[in-house]
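*Asks:* Have a look at the structure that comes next, please.
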Amino acid sequence: MNTRTAGILLHPTSLPGKYGIGDLGKNAYKFIDFLKNSGQSLWQIFPLGPTGYGDSPYQCFSAFAGNPLLISPDLLLEKNLLSEIDLKDVPFFDQTNIDYGETITYKTKLLKQAYSNFKNNSVELGKSYNEFCENNKSWLDDYSLFMAAKAHHGGVQWTEWKEDIALRKTGAIEKWTDKLADEIQYQKFIQFLFNEQWMNLKTYANDKGIKIIGDLPIFIAYDSSDCWANKELFSVDETGKLETVAGVPPDYFSETGQLWGNPLYRWDEMEKNDFAWWRRRFENLFAMVDIVRVDHFRGFDAYWEIPGDAETAINGKWIKAPGKKFFESIKKHFGKLPIIAEDLGVITQSVADLRDEFEFPGIKIMQFAFGPDGDKKFLPHNHIPNCIVHTGSHDNDTTKGFFDKAKENEPEIYNWAQMYLNYFGEDMCDALIKTVYASVANTVVIPMQDVLNLGGEARMNFPGKLGGNWGWRFTLDQINEELEQKYLTLVDIYERTGIKDDEYEKIDVE
């Protein structure tokens, strides 16, 4: 990240395809080709984990597992795990928005069929499947039992299961592992499929010169195998009841703050074995992606602790976290860390010092900068080379949507932005992208919605809104050679080729 590069933010769920949701099949490879042809060096994604209630990739059933919905049925067909008959009658799905209920039902049916075919003829994949299970045993055994038990109990949260397995009482793990053996193997099998498809796609991207920026939510979900299997590491009591939860105080997004509801870490317990759980988590993620964006980085310096029964995030307090000791430990085991610090929100000097001590680039969101009361540190004339610049984030409106609303409802912001950008035409999104590309920041990543210049209908997430998020998708007819050439030109003009000075050919001249 010490060279001038450019990339695009797009989660795989937003890829085109006929199976209700984007997946890791041929259209993912086409998207990588689009990145390459557009001169892009980076593909940024959200967390890849299996999503739960609300479909948020930031609230997953596991910090280690992959999302089965991303498995490509077409690639399963090529592996003879599905047949043409299995894929004959695909339901009609909206190509621009995900209906998670219908999609989960359909894709689960396909994955169950693939598992049945695997069991009947597992010779070809058996060895690689067994190797995957052995290599990932540290998290896979707990996760597969957790998901099997969840299915057995009708999908309810683990605190509502039968008490012996919910609290992992003596003998319960062995008993339920035997009882749910087939469902456990199914869960392991679909994780194997996800891993194989994702790693093949990552290899393709890397071979094309594209690095993948992954995402690490700082907190884990309450309803997750991580919390269920490691209660001693999180802020739950012996019965699983939440004692304290995570969130943030009032900020850009909400006047009452954000009550996330995630359990907090017992850092004192984690320090006892040199943060072993975290090291496994980073090891798993570094294998899956090339660069890691750490969401809510400030939580490693201090975190907002909210009572477990609170209804809003207002009545919380800041608690100090062992950030320096933590990252020193991670660096000791992994070397220089390819980490981006998501340093938005309430940032103190100690947070900035922690970020800078480890030379992690921070993030600039341009939409926050505009208007008389905008946050001026996000404006390009205040950027530094070691940062990542976005037009907007997944929690914002699209840039076109932002300017459309500002023009109608907040003209002082819109007029201020026009003067700053020295642009008085109608395509403010395009003007902002060019300004971002011209920044001294080493890294620029533009959300795909802004690349396509889409309005508020393409927004990905409304913080605090239950349901209806994370559904946007694009279609193949929205990308073409003209768009590729436009971004290739921007990359060339603003020298975002990713080539270091010492990589240019040296010529001796007398």
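*Asks:* What are the residues in the stretch 384-442 that are surrounded by fewer than 17 Cβ atoms within 10 Å (Cβ to Cβ) and β-branched (Val, Ile, Thr), if any?
*Replies:* Listed by number, the residues that qualify are 384, 440.
*Asks:* Regarding residue 176, is this residue assigned to a helix (DSSP H, G or I) and touching a residue at least 60 places away in the same chain (Cβ under 8 Å)? Quick ask: steps written out before the conclusion?
*Replies:* On the way: assigned to a helix (DSSP H, G or I): yes; touching a residue at least 60 places away in the same chain (Cβ under 8 Å): no.
The answer is no for residue 176.
*Asks:* With respect to residue 240, is the statement that it is over 28 Å from residue 461 (Cα atoms), buried (at least 18 other Cβ atoms within 10 Å of the Cβ) and more than 21 Å from the chain's Cα centre (by Cα) true? Can you show your working first?
*Replies:* Numbers: over 28 Å from residue 461 (Cα atoms): yes; buried (at least 18 other Cβ atoms within 10 Å of the Cβ): yes; more than 21 Å from the chain's Cα centre (by Cα): yes.
Taking the combined requirement at face value, the residue satisfies it.
*Asks:* Among the candidates 293, 298, single out the residue that is outside any loop (DSSP other than H, G, I, E, B), of a type in the set (D, E, K, R) and either surrounded by fewer than 14 Cβ atoms within 10 Å (Cβ to Cβ) or in contact with a Ser or Thr (Cβ under 9 Å, 6 or more places away or on another chain) (or both).
*Replies:* Of the residues listed, the single one that is outside any loop (DSSP other than H, G, I, E, B), of a type in the set (D, E, K, R) and either surrounded by fewer than 14 Cβ atoms within 10 Å (Cβ to Cβ) or in contact with a Ser or Thr (Cβ under 9 Å, 6 or more places away or on another chain) (or both) is 298.
*Asks:* Checking the conditions here, which among 139, 198 is among the hydrophobic types (A, V, I, L, M, F, W, C), part of a helix (DSSP H, G or I) and within 24 Å of residue 74 (Cα to Cα)?
*Replies:* 198
*Asks:* Of all residues in the stretch 459-484, which are surrounded by 17 or more Cβ atoms within 10 Å (Cβ to Cβ) and either under 22 Å from residue 342 (Cβ atoms) or in contact with a Cys (Cβ under 7 Å, 6 or more places away or on another chain) (or both)?
*Replies:* Residues satisfying the conditions are 459, 460, 461, 469, 470, 472.
*Asks:* Sticking with this structure for a sec: Evaluate the stretch 124-137: report whether one residue or more is farther than 24 Å from residue 231 by Cα, touching a residue at least 60 places away in the same chain (Cβ under 8 Å) and of a type in the set (Ser, Thr, Tyr).
*Replies:* Looking through the stretch 124-137, at least one residue is farther than 24 Å from residue 231 by Cα, touching a residue at least 60 places away in the same chain (Cβ under 8 Å) and of a type in the set (Ser, Thr, Tyr).
*Asks:* Let me ask another. Search the stretch 415-435 for residues that are over 16 Å from residue 448 (Cα atoms) and pair each with any residue that is part of a helix (DSSP H, G or I) and hydroxyl-bearing (Ser, Thr, Tyr) when their beta-carbon atoms are under 7 Å apart and the residues are at least 6 apart or on different chains.
*Replies:* Taking only residues 6 or more apart or on different chains, the pairs are 421/435.
This table checks each residue for (1) modelled with pLDDT of 95 or more; (2) closer than 24 Å to residue 8 by Cβ.
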position	(1), (2)
202	yes, yes
215	yes, yes
220	yes, no
231	yes, no
236	yes, no
240	no, no
244	yes, no
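The values are calculated or read from the model by the stated rules, or taken from the named source; none is laboratory data. Everything numeric in this text was worked out from a predicted model, so none of it was measured. Cβ: placed from backbone, ideal geometry, glycine included. Neighbour counts: every protein chain shown.
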